[in-house]
1. Those residues that are surrounded by fewer than 24 Cβ atoms within 10 Å (Cβ to Cβ), in contact with a strand residue (DSSP E or B) (Cβ under 8 Å, 6 or more places away or on another chain) and among the basic types (Lys, Arg), I need them from region B:298-321; list them, please.
2. Taking region B:307-357 on its own, how many of its residues are away from every other protein chain (no Cβ under 11 Å) and free of Cβ contacts under 8 Å to residues at least 12 places away in the same chain?
3. Residue by residue through region B:66-75, note down the ones that are within 14 Å of B:Val11 (Cβ to Cβ) and out of contact with any Leu (no Cβ under 8 Å at 6 or more places or on another chain).
4. Specify the residue that is farthest from A:Arg211 (Cα to Cα); the eligible residues are those in region A:221-257 that are at the interface with chain B (Cβ under 7 Å from one of its Cβ atoms) and within 18 Å of the chain's Cα centre (by Cα).
5. When you scan region B:333-405 for helices (runs of 4 or more DSSP H) that lie fully inside it, which ones turn up with 2 or more residues that are of a type outside the set (Ser, Thr, Tyr) and surrounded by fewer than 19 Cβ atoms within 10 Å (Cβ to Cβ)?
6. Anything in region A:117-147 that is touching a residue at least 60 places away in the same chain (Cβ under 8 Å) and either touching a strand residue (DSSP E or B) at 6+ places or on another chain (Cβ under 8 Å) or surrounded by 16 or more Cβ atoms within 10 Å (Cβ to Cβ) (or both)? List them, or say none.
7. Quick check on B:Glu230: is it of a type in the set (D, E, K, R), more than 22 Å from B:Arg304 (Cα to Cα) and not in a helix (DSSP H, G or I)?
8. Is at least one residue of region B:375-382 touching a Pro at 6+ places or on another chain (Cβ under 7 Å) and within 14 Å of another protein chain (Cβ to nearest Cβ)?
Amino acid sequence: MFSASYHRVVFFGVQWWTAGFYLSALVALAIMVWGIWLKVSLWQSGDADPAVIRGPLDQGSGWTLSWRAVAWFFSADCLLALRVLRRGFYRWIMLMLVMWGFLILFAGSLALMVSHDFGTHFLHGVVYYDFKLILNWAGVALLVGLLGQAVRRYIMAKPQEKVYNGEDAFMLILFFAIGLTGFLLQGAGMAAEANRVPELSWPTLGAWVGRQFVAMGPAAAGSWHVAIWFVHVYLALFMIAYIPFSKMFHMYAAPLAAGAAARRRFIRTGGAAAPVPPAGAVAGSGRALKS
Amino acid sequence: MCAMKAEKPEVRLWEGLTRSDLISLDACTRCGQCIPYCPIQEASGQRDISPPEKITMFRQLLSSQRGARAVLFGQRPLDREKLQKLSDALYHCTVCGVCGEYCEVGINCMRLWPDMRHKMVELGVGPFGPQKDTPKTTWEFKNPYGQPHSERLAFLPPDVHVEKAAENGFYVGCSGAYPSKPMVAGAVRVLQAAGVPFTILDDEWCCGFPLWVVGVHDKVEQFVRHNVDEFVRRGVKRLITSCPCCTTMITGNWPRYYGKELPFEVVHTTEVVADALRRGKLKIREYRKKITYHDPCLLARGPREVIRPPREVLEYVPGLELVEMERHGRLSKCCGAGGGIRRANFKMSIDMANIVITDGDKLGVDEMLIDCPACFERMHLAQQQPDHPSDLPILDLMDVISRLV
């Protein structure tokens, strides 16, 4: 299907803007780091959280055990979002698709950077094939999750749950645009770059998009590739810079809040499990205790 | 709408908020999952005063003082219209904390809302309506009801012996001392029957909760220090509380104002009674009734999470059948008495009380037992209104138990 040395040419068609890209990326990262610093310094200017006074019925050593609870909470409630699962499968699966799709795509971008910029060049042959396959499906997951979230928010949600503002819609559109231009970029690249023709037969959404670009010929596809590259890259860099100034910052703050809640509850209950409220009715209605 | 006073530009919105509060502002994803469970939303349906809206408005105002633009180009004056809207939203809240229980990122709303209210007070846009009288009344009378301080112990049944000094102190609380006397009268009778000697302060002051919850914090420390010092003087090693508001205030906030951990333990009456029943120190007569128990917000969701002890007490009552409400324990509904809303919006608080009473009535029980003087007062008041939907008898748990020991 392809040789062991098969790989993608990074910056295909936009080599002339390589320095511009790195400079832009640096600026975006600097803005993000500055934004995070602003937030963290604001948090640090808050008062220390008051200690929870332990009563005689409290058990356990509190501090040590509570951090164990935080670790559990982080894995179960942040990475797997079990609290959301308990509230409803649809919301949970859409969140998982978006979150893990985004994380995998982010990890893929880091892997590409390590392979290209650090001279390791490990994305060749089968590794590259698997890499593309995983990233393609992560991209599909992201798009499906975003569409699903939009349907839930703007079609399925009950009137009293519709508290979404302009920023909520903007974030959905921004993420979706980044994912969509990613596939368009991939497809245009396949059609424009002669040595990527084998990729057109791969079982990926990018390959399907690429086959749509083939008809216009390599030159036109190349022009589209450059245009889409700029749109995709600068949307992504804008998103990176915008994270600390938007509701997306909950990706950092929510795990901290969830961890603090786990610790607070663990201390005040002496280690009792933290049940998660299910959606709607709570079990127990009509249950009679022993008399 | 409360009148807008002159803005105080020196007020920094982040000061006085805890680190958890500040992180919470960024953690809220506006998922809206708390909204269907908010009692204010259930009673009013006003989405512009919902929990996510409050957080969003506060975050926006904070951004004008500490956001990127403020850092680069200087602070902007606070948006007065938004500030007023935020104040209205914050004071149309019972601070019941159920939003925090349903919050998927675990925001501690029971602390966040009062801390935000404190900022509103500093900015001159709080408290709200008749709540404005609370600080003056509470300081003058040592209770928020404006009742004579000399009548604070009028609830005390003549057959109950109170020690001058004892290891157990009983904190009466203003609501029990004045509008809901049967509750604390029942509690002290049961404690005596359980063989628990206790002392009560002749000069007990309000615990400070009514001030703290409306955001007026400047006198709270004096209330706390007076009470703590008096109990210490009487040799108290364990303070027994009755009222959920007092319980939350004492366990969660007194150490903050006292400056260190309290020199005594704090337990709720039902914990002491359950323990006495377990050890066979108290026997209860038959009570052949089918009842439901309404968990008070601040008892079930407060720092001590007193959920199991009242049920344990009920299990020891021969003949009693407990039918749980659909939402109980940490998820129980608010009766509308909390957060000062009963002073600020009478109709809304009565509507909320009626929702809880109706929920109980639907279970086909003989009585609803409660363990909170504020719930007791509000539900009875709701039943005195001309169009009240249910005459389900509302009784206090300790009052009932005291008649069975």
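1. The answer is B:Arg311, and nothing else.
2. 2
3. Taking region B:66-75 and keeping what is within 14 Å of B:Val11 (Cβ to Cβ), we get B:66, B:75.
Residue satisfying the conditions is B:Gln75 alone.
4. At the first step, the residues of region A:221-257 found to be at the interface with chain B (Cβ under 7 Å from one of its Cβ atoms) are A:245, A:247, A:249-250, A:253-254, A:256-257.
Of the ones still in play, those that are also within 18 Å of the chain's Cα centre (by Cα) are A:245, A:247, A:249-250, A:253-254, A:256.
On the way: A:Phe245: 39, A:Lys247: 37, A:Phe249: 37, A:His250: 38, A:Ala253: 42, A:Ala254: 41, A:Leu256: 45 Å.
Filtering first and then ranking leaves A:Leu256.
5. Counting at least 2 such residues, we get B:346-361, B:373-384.
6. Our first condition is that a residue be touching a residue at least 60 places away in the same chain (Cβ under 8 Å); within region A:117-147, this holds for A:121, A:123-126, A:128-129, A:132-133, A:136-137, A:139-140.
Within region A:117-147, A:Leu123, A:His124, A:Tyr128, A:Tyr129, A:Lys132, A:Asn136, A:Gly139, A:Val140 meet the criteria.
7. Details: of a type in the set (D, E, K, R): yes; more than 22 Å from B:Arg304 (Cα to Cα): yes; not in a helix (DSSP H, G or I): no.
No, not satisfied.
8. Looking only at region B:375-382, we keep the residues that are touching a Pro at 6+ places or on another chain (Cβ under 7 Å), and these are B:375, B:377.
Filter once more, so that each one left must be within 14 Å of another protein chain (Cβ to nearest Cβ): none.
Looking through region B:375-382, none of the residues is touching a Pro at 6+ places or on another chain (Cβ under 7 Å) and within 14 Å of another protein chain (Cβ to nearest Cβ).
The values are calculated or read from the model by the stated rules, or taken from the named source; none is laboratory data. Only a predicted model underlies this, so the values are computations on that prediction, with no experimental measurement involved. Positions of Cβ are backbone-derived with ideal geometry, glycine not excepted, and every protein chain shown enters the neighbour counts.
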